[in-house]
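Below is one structure, written out as structure tokens, with a few remarks after it.
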Amino acid sequence: MSSNGTLYGVGLGPGDPELVTIKAARLIERAEVIAYHSARHGRSIARSVAEPYLRPGQIEEALVYPVTTETTDHPGGYQGAIDEFYADCAARLAAHLEAGRDVVLLAEGDPLFYGSYMHMHKRLAGRFRAEVVPGITSISGASAALGRPLAERDETFTVLPGTLPPDVLAERLAATDAAAVLKLGRTFDGVREAFEKAGRADEAWYVERATTDRQRCQPLTDVDPSTVPYFSLALLPGPANATTAAPQGAAPAGTAGRGEVVVVGLGPGGREWVTPEVQAALAEADDLVGYTTYLARVPDNPRQRKHASDNRVEAERAEFALELARRGSKVAVVSSGDPGVFAMASAVLEVAAERSDVPVRVLPGMTAAQAVASRVGAPLGHDFCVLSLSDRLKPWEVIVERLRAAAAADLVMAIYNPASRSRTWQVAAARDAVLEHRSPDVPVVIGRDVGGPEESIEVVRLADLDQSDVDMRCLLLIGSSTTRVVQGADGAEVVYTPRRYPA
């Protein structure tokens, strides 16, 4: 066994990288293999906390959960899927340990306190040397954030999971002096109900992402359930420290940390096309800024303020969002599709570059070209370019020059903004410019309102592309010389551009 590696379960604390212990930091930097859990989106909170202590060249093992809710097609149900996942993870880590490599498995908070590490410890500690490095728990972080003792003198303190039935939870809250209720998120409504049944709701506090720059503390009764993430808890101080006054240093809702601007893409259609990352950013924002039509796609939240404006005032909208952030607000600037494709990201960054005093993040979304292409097959399967026919921000002469260049280069073209109420002739002019270098039989996909209630798809010959078939809700995909149209098994037209280009 001495030739095997050692498994280290390393606690990282509640979120602030400076609360990682010296021993944990040393082991992280020294380890040959760094392992961490994540959901299917691939982001890991544990890795982000440990990142300052990582070094180049380390092997990373991302242990990605197959399910995040109790809904699964696995024959063994949710528990069967999770057991299979843990067995697979243990086998992956065992392969490193058997090869003599030390493995550090990162854990938020403390590894053996409601932590995922314990499942690996139970499976591997009997076969390999295993060492657990304790970490500060989220409960301690929340207590510090509130500036409120957990318990005093002979008071009893109880830790409870929010997944308990509300009646059971209420009974236990009524029977203890002080408590922490973990695992909120989707359980929050039931947890608040339990506090109310126990007659303790007015004594309880809510703490979200304690010790991080996204920390939020407020009375439990004031919390909007739709804004509650999994990484939050309810804290009930003991009678010796019970008060309804806001504790000194606790940040009111939405004002913790410095302000920032996050530019997000909603994708081309419904909520199912909005990424989890964007949904999280929208839920955390204090202010939402955007074009009226796009902002209307975000459900109203009484905690948030919406600032809608016309679609032709990008610079003014960007400056307004940055000013809100300067006052400490977390601002989400909303775009349709992807914010970096003919949308608000460049406008915000251009204005922000003038002062560079507000952090700006850009979160991607599915762009309309991808959505339209998916409805017919794979027309963007080879080299392609993206062009806009709007001449509001660039001369029409430049547009025509680029259309001809792309057509001559035999690139598939995704055409944004082909028409509007005031631009009624550009489609025909663009068609004629492309026909100078492209066969009349090249297929053109007309996608209208893809992902929306009035979605339609039509495939026509380039020569037959008619202005009257195109409006401001459309996107055009113009094929290259190799783009093909075939009939699918269901009788529908399938459009694809082969990956292999003719010699």
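Does region 220-232 contain at least one residue that is more than 33 Å from the chain's Cα centre (by Cα) and either of a type in the set (Asp, Glu) or more than 26 Å from residue 279 (Cα to Cα) (or both)? Taking every residue of region 220-232 in turn, none turns out to be more than 33 Å from the chain's Cα centre (by Cα) and either of a type in the set (Asp, Glu) or more than 26 Å from residue 279 (Cα to Cα) (or both). When region 12-41 is filtered for residues that are farther than 17 Å from residue 105 by Cβ and open to solvent by less than 80 Å² (accessible area, probe 1.4 Å), the ones remaining, listed by number, are 14, 15, 16, 17, 19.
Pull up region 42-60, narrow it to residues that are over 17 Å from residue 15 (Cβ atoms) and in a loop (DSSP other than H, G, I, E, B), then point me to the one that is least open to solvent (accessible area, probe 1.4 Å). Spell out the reasoning first.
Step one: list which residues in region 42-60 are over 17 Å from residue 15 (Cβ atoms), which gives 42, 55-60.
If we keep only those that are in a loop (DSSP other than H, G, I, E, B) as well, we get 42, 55-58.
Working: 42: 44, 55: 90, 56: 123, 57: 78, 58: 27 Å².
Among residues in region 42-60 that are over 17 Å from residue 15 (Cβ atoms) and in a loop (DSSP other than H, G, I, E, B), the one least open to solvent (accessible area, probe 1.4 Å) is 58.
Which residue, of 347, 296, 308, 315, is touching a Phe, Trp or Tyr at 6+ places or on another chain (Cβ under 8 Å), open to solvent by 10 Å² or more (accessible area, probe 1.4 Å) and without any contact (Cβ under 8 Å) to a residue 40 or more places away in the chain? Walk me through how you get there before you give the answer.
Details: 347 fails: touching a Phe, Trp or Tyr at 6+ places or on another chain (Cβ under 8 Å); 296 fails: touching a Phe, Trp or Tyr at 6+ places or on another chain (Cβ under 8 Å); 315 fails: touching a Phe, Trp or Tyr at 6+ places or on another chain (Cβ under 8 Å).
Matching residue, one of 347, 296, 308, 315: 308.
Residues checked against (1) touching a Lys or Arg at 6+ places or on another chain (Cβ under 8 Å); (2) at pLDDT below 95:
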{"position": "401", "(1), (2)": "no, no"}
{"position": "411", "(1), (2)": "no, no"}
{"position": "414", "(1), (2)": "no, no"}
{"position": "419", "(1), (2)": "no, yes"}
{"position": "423", "(1), (2)": "no, yes"}
{"position": "473", "(1), (2)": "yes, yes"}
{"position": "493", "(1), (2)": "no, yes"}
{"position": "496", "(1), (2)": "yes, no"}
{"position": "500", "(1), (2)": "no, yes"}
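How many residues are part of a loop (DSSP other than H, G, I, E, B) and open to solvent by less than 60 Å² (accessible area, probe 1.4 Å) when one looks only at region 441-456? Result for region 441-456: 5.
How about region 126-235: which strands (runs of 3 or more DSSP E) wholly inside it have at least 1 residues that are touching a residue at least 12 places away in the same chain (Cβ under 8 Å) and open to solvent by 60 Å² or more (accessible area, probe 1.4 Å)? It would help to see each step written out before you state the result.
Numbers: elements: 130-133, 157-161, 178-182, 205-208, 216-219.
Where strands (runs of 3 or more DSSP E) fall fully within region 126-235 and carry at least 1 residues being touching a residue at least 12 places away in the same chain (Cβ under 8 Å) and open to solvent by 60 Å² or more (accessible area, probe 1.4 Å), they are 157-161.
Considering only residues that are open to solvent by 10 Å² or more (accessible area, probe 1.4 Å) and under 26 Å from the mean Cα position of the chain (by Cα), which ones fall in region 89-108? Scanning region 89-108 gives a single hit, 108.
Can you say whether residue 97 is of a type in the set (A, V, I, L, M), in contact with a Ser or Thr (Cβ under 8 Å, 6 or more places away or on another chain) and at pLDDT 95 or above, as far as the supplied structure shows? Talk me through it step by step, then tell me what you get.
On the way: of a type in the set (A, V, I, L, M): yes; in contact with a Ser or Thr (Cβ under 8 Å, 6 or more places away or on another chain): yes; at pLDDT 95 or above: yes.
Against the criterion (of a type in the set (A, V, I, L, M), in contact with a Ser or Thr (Cβ under 8 Å, 6 or more places away or on another chain) and at pLDDT 95 or above), residue 97 qualifies.
Just to be sure, is residue 95 assigned to a helix (DSSP H, G or I), more than 27 Å from residue 283 (Cα to Cα) and free of Cβ contacts under 8 Å to residues at least 24 places away in the same chain?
On the way: assigned to a helix (DSSP H, G or I): yes; more than 27 Å from residue 283 (Cα to Cα): yes; free of Cβ contacts under 8 Å to residues at least 24 places away in the same chain: yes.
Taking the combined requirement at face value, the residue satisfies it.
Just one of 495, 427, 398, 459 is assigned to a strand (DSSP E or B) and either surrounded by fewer than 22 Cβ atoms within 10 Å (Cβ to Cβ) or more than 34 Å from the chain's Cα centre (by Cα) (or both); which is it? Give the derivation first.
Numbers: 495 fails: either surrounded by fewer than 22 Cβ atoms within 10 Å (Cβ to Cβ) or more than 34 Å from the chain's Cα centre (by Cα) (or both); 427 fails: assigned to a strand (DSSP E or B); 398 fails: assigned to a strand (DSSP E or B).
Answer to the selection: 459.
Residue 201 passes every criterion in (1) touching a strand residue (DSSP E or B) at 6+ places or on another chain (Cβ under 8 Å); (2) under 11 Å from residue 220 (Cβ atoms); (3) among the small types (Gly, Ala, Ser) apart from (1).
For region 350-357, check the following and say yes or no: at least one residue is buried (at least 19 other Cβ atoms within 10 Å of the Cβ) and touching an Asp or Glu at 6+ places or on another chain (Cβ under 7 Å). Reasoning before the result, please.
Of region 350-357, the ones buried (at least 19 other Cβ atoms within 10 Å of the Cβ) are 351-352.
From the residues that got through so far, the ones that are touching an Asp or Glu at 6+ places or on another chain (Cβ under 7 Å) too are 351.
Within region 350-357, one or more residues are buried (at least 19 other Cβ atoms within 10 Å of the Cβ) and touching an Asp or Glu at 6+ places or on another chain (Cβ under 7 Å).
Of all the criteria given as (1) aromatic (Phe, Trp, Tyr); (2) in contact with a Lys or Arg (Cβ under 9 Å, 6 or more places away or on another chain); (3) modelled with pLDDT of 90 or more, the one not satisfied by residue 195 is (2). Applying the selection to region 375-395, what residues are charged (D, E, K, R) and either open to solvent by less than 60 Å² (accessible area, probe 1.4 Å) or without any contact (Cβ under 8 Å) to a residue 24 or more places away in the chain (or both)? Hits for region 375-395 are 391, 394.
The values are calculated or read from the model by the stated rules, or taken from the named source; none is laboratory data. Bear in mind that the values here come from a model prediction, so they are computed numbers and not experimental data. Every residue, glycine as well, gets a Cβ built from its backbone with ideal geometry; the counts of neighbours run over all protein chains shown. Accessible surface is based on the protein model in full, side chains and every heavy atom, while ligands, DNA and RNA are left aside. Shrake-Rupley method; radii C 1.70, N 1.55, O 1.52, S 1.80 Å.
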